[in-house]
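**Q** Handing you a structure now.
The values are calculated or read from the model by the stated rules, or taken from the named source; none is laboratory data. Small disclaimer: the values here were computed from a predicted structure and weren't measured. Please note: Cβ atoms are built from the backbone with ideal geometry, for glycine as well, and neighbour counts cover all protein chains shown.
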Amino acid sequence: LDTLWEKYGKFVIPFSMKTGWDEVLRALGYDLKGFLDSLDAMHYFIDHIVYPMNLRGPSFRCVLQDDGSLLLHYYSSRTGFPGIVKGIVHEVSQRIFGIEVEMTIEKRRQEHISSIVKEHIIFSITEVFPSRFFFASRQLRAFKMCKTD
């Protein structure tokens, strides 16, 4: 089933780009990390403004590792969708940032809060042929470290 959801995730990006969301998707981030860090805002915009359904979309948190890889924390009250995340990240990486990535699930757990099940999946994302993948993120991180208040 994950393979089917991954194919759907790979379909969503080109479909969205062809139906008017191209500029919005490209504006979400300067690099892949920035894009992933902006997904919560995009989901809120879609779920509450574009198509007001008052849904609670997934949440994402992206962490740059010392080796240049990314850890993507994915939280959702809907379980069973890591394939969609993988498919979308692969397509965004290729179509928007011109890079090839590999994704693996590092950790997966479900938390039961009352009658709600919340899924937390940690993906590891690495670039297949390192080039400019994390250049901007490293540069930004270095800038923040040098910044004085």
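**Q** Is it the case that Phe129 is under 21 Å from Leu28 (Cβ atoms), of a type in the set (A, V, I, L, M, F, W, C) and modelled with pLDDT under 90?
**A** Numbers: under 21 Å from Leu28 (Cβ atoms): no; of a type in the set (A, V, I, L, M, F, W, C): yes; modelled with pLDDT under 90: yes.
Judged against the criteria, Phe129 is not a match.
**Q** Follow-up. Among the candidates Ser76, Ser69, single out the residue that is of a type in the set (Gly, Ala, Ser) and within 24 Å of Val117 (Cα to Cα).
**A** Ser76
**Q** Go through (1) touching a strand residue (DSSP E or B) at 6+ places or on another chain (Cβ under 7 Å); (2) without any contact (Cβ under 8 Å) to a residue 12 or more places away in the chain and name the single condition Asn54 misses.
**A** It is condition (1) that Asn54 fails.
**Q** On the basis of being modelled with pLDDT of 90 or more and of a type in the set (A, V, I, L, M, F, W, C), does Leu55 make the cut?
**A** No.
**Q** Return the total of residues in the stretch 110-127 being of a type in the set (D, E, K, R) and under 16 Å from Asp2 (Cα atoms).
**A** Looking only at that region, the number is 1.
**Q** Working only within the stretch 10-37, note down all residues that are at pLDDT 90 or above and touching a Gly at 6+ places or on another chain (Cβ under 9 Å).
**A** Residues satisfying the conditions are Lys10, Phe11, Val12, Ile13, Phe35, Leu36, Asp37.
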